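Asker: So that we are looking at the same thing, I have put the structure below in structure tokens.
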Amino acid sequence: LVVIIGLPAALPALPLELTVLYNSLLFTVGAADSAIEGEAEGIRQGLLRVLEACGACGQDLSTEELWQKVLQEVTAEELQAPLHRLGALQAAWWLAASRLGSTAGLFRLLSNTEDQGGACCSEGENELLYLLKAWQVPAEGASLPLVQSAADLKEILCTAAAFLQGLQELEAGNFPTAFSLLQEAAEGFCSKRVLAQIYTCLGCCAQRMGKPQTALQHLKKALQVDFQCLPALSHVAAVYRELGKTEAELQALALLYKALEKKTPAAASSNPYFLIRTELLVHTPILASLLRHHHPSEVKYLLAQRCLQDGRVADAVEHYLDFLALLQGGLQQQMPLDGGSALPRIPEVFLEAASALEQARRHQDAITMCEEVISRTTDLIPRLLRVEEKLEQPECPSPGAGLAGGLLSQKKESLCCLAWRAAGYLHQGWAWARLGESKEAVSQFSRCLGDLLRVQLYGSGVEPPGSLLPEVEVLQKIRLLALIGRGAQFLELGRHKEALLDFQHGLQISPGDPAAASYLVQALWKMNRKQEAAAYWQKFSQSPAGEDGQQEEQGRPFPLYLAPCLEQAQFPHGEALARGIRDYLGTTSQDPLR
């Protein structure tokens, strides 16, 4: 090719020159064996050589304009076949860059349908695919062998075009159109690896269409075609979770973890003799997202989390301890800290592990786990933290918005650290309570509440639900749980007045909270203030304000590590207390129902 280009462009030699250029570009792509990127400068130079041989020039033209000029002005019959093959190669470069409009325009020129536009394409049919299929592949001359036939290249272009457009429609939320295009791609010419990827995308599309069973069918097809397509297995687990089939979901995650542990090398393409292949043309961000490979530790964490959420405490403990062992082995250095990771912040994992240990009645281990969180976050929390409790949404960014955003982010980080440390004390308080050590429990609950005094909230007062910073909501919930926990232990110790104060403070934080209200009634009852207790009981049981706590749970979900504390804070003697109050009201003839 270098020798030919060194000679003046001549019309008789152009068929040979363009064929050598075609083969040379194919070998360049094949040798790189990586996604096609950038412009094919060789093609542009080839087109300029054609114009030079015909006595024209086009140096100032864009590549699209250059193709238009060449195909409209160069009519020599012997150049049509090599130009068409070079056009197919240009289409490969443009498809790889997702330039679908440029590709369609080129094939209109190649098919001589520039004036008709998409008129030949029936309504509802994809124009680019119609143009690709309608393109007549030029005959190959026996004296000019090709390293990859134009017919094979056409099939690959059709598959890539359907795949790319399917992904674009999927990203745009046009799921029926995406599904149809991906189905067409699955019927095209590609390797098993790419076919498995297409089936995976079909499964994800079906899931987003609200068709989980169809999604499972396609994801299973992906695994049947290529079991190394492990992203399909992670999507299977997600579909089973959506269906509420926890056992099947956990089996899929366990299988995925085992496969990832083996670290099987990626399989080579099953058709390496094709220098241009579908996988070299399709490499979009949404495809990378759908086919993201999970780190084994992410799957191990998901197993632990799902077991904890489903009440499989023993399995959850085992998985959390395995995960923490991976953490000790340098996991943080191995993990890519991208936005797609399923892993939460490390202190949250420790707190979730403590929750699992607590539910497994391993209270001392839970206390030790929380101590790790407390000790590691102590130096990260300022002595005083002033934050505005309400979410601020500025209408237009001010010149100092960047600095203000950085300060807000820093405050949010401090709030997170404070929440983790306070939650550590909260868990320790409940653990000591379960061990029957009420004094130690009171001490830990008090430390939790003392930590929360570091935060000074300022705002307009009572904010509507959902308008508070998420971190502030978590801190308020921790404070409420600590007050209920400490108050309950004060009751155990016979310190009824102190218990009453804690429950009253709890109701100031969360008016109408069922647990705090029930405990307050019990405290009054134990203090022999039965008439007052009965009045409060009637108020809380009959007033719609008693639903406030339930409404709160329906809003923004609280962290998983708080779930056991929320459960332990529930008042355990509701029926007995209600029965006692009803009996009291009956004997004093103050029961309004009588």
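The values are calculated or read from the model by the stated rules, or taken from the named source; none is laboratory data. Note that the coordinates shown come from a computational prediction; the quantities given were computed from them, not determined experimentally. In this analysis, Cβ positions are derived from the backbone assuming ideal geometry, glycine residues included, and neighbour counts consider all displayed protein chains. Heads up: the accessible areas ignore ligands, DNA and RNA and are worked out on the full protein's heavy atoms, side chains in. Shrake-Rupley method; radii C 1.70, N 1.55, O 1.52, S 1.80 Å.
Asker: Probe radius 1.4 Å, ligands and nucleic acids ignored: give me the carbon and sulfur share of the accessible area of segment 14-93 as a rounded percent.
Answerer: 49
Asker: Can you tell me the order of 442-448, 298-304 when each peptide is scored by its average per-residue count of other Cβ atoms within 10 angstrom, highest first?
Answerer: 298-304, 442-448
Asker: Rounded, prolate or oblate: which fits segment 170-319, taking a ≥ b ≥ c as square roots of the Cα gyration tensor eigenvalues, rounded meaning a/c under 1.5, else prolate when a/b beats b/c?
Answerer: oblate
Asker: Could you give the accessible area per residue of segment 126-277, probe 1.4 Å, as a whole number in Å²?
Answerer: Per-residue accessible area for segment 126-277 comes out at 45 Å².
Asker: Under 1.5 on a/c is rounded, so check that first for segment 1-66, then, if it is not, pick prolate when a/b is larger than b/c and oblate when it is not; a ≥ b ≥ c are the square roots of the alpha carbon gyration tensor eigenvalues.
Answerer: Oblate is the answer for segment 1-66, as a/c is 1.5 or above yet b/c matches or exceeds a/b.
Asker: Let me ask something additional. Treating only the Cβ atoms of Lys and Arg (+1) and Asp and Glu (-1) as charged, compute the dipole magnitude of segment 177-258 about its Cα centre; round to the nearest 20 debye.
Answerer: I would put it at about 100 debye.
Asker: Here's something else I'd like to know. Have a look at 275, 176, 161 and report the one farthest towards the positive end of the charge dipole of segment 150-281, computed about the Cα centre with Cβ charges (Lys/Arg +1, Asp/Glu -1).
Answerer: So the residue we want is 275.
Asker: Which FRET efficiency, nearest 0.05, do residue 310 and residue 2 yield, Cβ-Cβ r, R0 60 Å?
Answerer: After rounding to 0.05, the efficiency reads 0.35.
Asker: Right, another one. Can you list the lysines whose alpha carbon is less than 21 Å from that of residue 211, not counting same-chain residues fewer than 8 positions off?
Answerer: 220, 221, 245
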